[in-house]
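The values are calculated or read from the model by the stated rules, or taken from the named source; none is laboratory data. Predicted, not measured: the structure shown is a model, and the values here were computed from it. Cβ: placed from backbone, ideal geometry, glycine included. Neighbour counts: every protein chain shown.
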Amino acid sequence: MLNKDYLPTKDTDLQAWTQNFLTVANANLVPLGVVAGDVTPVSTDKTSFDTAITNNNTKQAEAKAATQQKNTTRTNMSTKIRVLVHKIQANPAVLPQLKAQLGITVGDAVPTPLVPQQPTELVAMPDASGVNKLQWNRNGNPFGTTFIMEYQENVSLPWLFAGTTTKATFEHSGQIPGKMLFYRVKAQRNELLSEPSNVAVVYANRTNPVPPAP
């Protein structure tokens, strides 16, 4: 089996290998059966190769420095642009058409309200400590949406306020263990309210069934 190519792949390795080859060859012309004229072309190319490597390394360093300078200049320019645009955006007298011509963000003339979605899958879990734990599905309502919890002691009585949260869980504390309560939750964003969720109950009994979902 033939050995793999003896010439190194890496440029710097080939540089060192060629230098050693020329040194040994020039010192052993007669035993090798060659003359100086056979070795000289390789020596000439070795000199050109060394120069080319030096030039290549220089160009790479210059390209790297140019890229760093370009990135720094871009960052500085972008920062100044953002400061200027922020000042423009803060000026209520600047017309949307002019902003569009500048190529900057043009806000809605009348912001579109984000309609809250009806929470789903409400469940209520009582605890002997008097804490009724509620959890539900946000149903696409983004974080920051306010959820309003309401409870009812009897289907014939009005709904009462239990509390608010931005999470999808709530603990209604201070309740009497074993006392039946009905729960529902609504989502609120600004002045908009969603439809109430399904009704969940703790300590249900047959004489006071769970009312149907609104």
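Of the residues making up the range 153-210, those that are under 15 Å from N139 (Cβ atoms) and either among the polar types (S, T, N, Q) or without any contact (Cβ under 8 Å) to a residue 24 or more places away in the chain (or both) are T166, K167, T169, Q188, S194, S197, N198.
With respect to A27, is the statement that it is farther than 24 Å from P8 by Cα, exposed (fewer than 12 other Cβ atoms within 10 Å of the Cβ) and of a type in the set (G, A, S) true? Considered against the rule, which asks whether it is farther than 24 Å from P8 by Cα, exposed (fewer than 12 other Cβ atoms within 10 Å of the Cβ) and of a type in the set (G, A, S), A27 comes out as no.
From the list T67, T54, the one residue that fits, being part of a helix (DSSP H, G or I), under 42 Å from the mean Cα position of the chain (by Cα) and surrounded by fewer than 11 Cβ atoms within 10 Å (Cβ to Cβ), is T67. Any idea how many residues of the range 143-162 are over 33 Å from the mean Cα position of the chain (by Cα) and at positive phi? Residues in the range 143-162 being over 33 Å from the mean Cα position of the chain (by Cα) and at positive phi: 0 in total. Only one of the numbered conditions (1) surrounded by 13 or more Cβ atoms within 10 Å (Cβ to Cβ); (2) of a type outside the set (D, E, K, R); (3) modelled with pLDDT of 90 or more; (4) within 28 Å of the chain's Cα centre (by Cα) is not met by G140, and that is (1).
Name the residue, out of V106, V123, V42, V34, that is touching a residue at least 24 places away in the same chain (Cβ under 8 Å) and not in a helix (DSSP H, G or I). Before the answer, list the steps.
On the way: V106 fails: touching a residue at least 24 places away in the same chain (Cβ under 8 Å); V42 fails: not in a helix (DSSP H, G or I); V34 fails: touching a residue at least 24 places away in the same chain (Cβ under 8 Å).
Result of the check over V106, V123, V42, V34: V123.
Of all residues in the range 163-208, those being aromatic (F, W, Y), more than 33 Å from the chain's Cα centre (by Cα) and at negative phi number 2.
When you go through N154, N198 one by one, which is the residue that is over 12 Å from N132 (Cβ atoms) and modelled with pLDDT of 95 or more?
Numbers: N154 fails: modelled with pLDDT of 95 or more.
The conditions single out N198.
Can you tell me which of K99, K133 is touching a residue at least 24 places away in the same chain (Cβ under 8 Å), surrounded by 15 or more Cβ atoms within 10 Å (Cβ to Cβ) and basic (K, R)? Don't jump to the end; show me each part of the working.
Values: K99 fails: touching a residue at least 24 places away in the same chain (Cβ under 8 Å).
Exactly one of K99, K133 is touching a residue at least 24 places away in the same chain (Cβ under 8 Å), surrounded by 15 or more Cβ atoms within 10 Å (Cβ to Cβ) and basic (K, R), namely K133.
Within the range 151-168, one or more residues are buried (at least 18 other Cβ atoms within 10 Å of the Cβ) and polar (S, T, N, Q). Considering only residues in the range 103-126 that are over 30 Å from Y151 (Cβ atoms) and loosely packed, with under 13 Cβ neighbours inside 10 Å, the one that is modelled with the highest pLDDT turns out to be G103.
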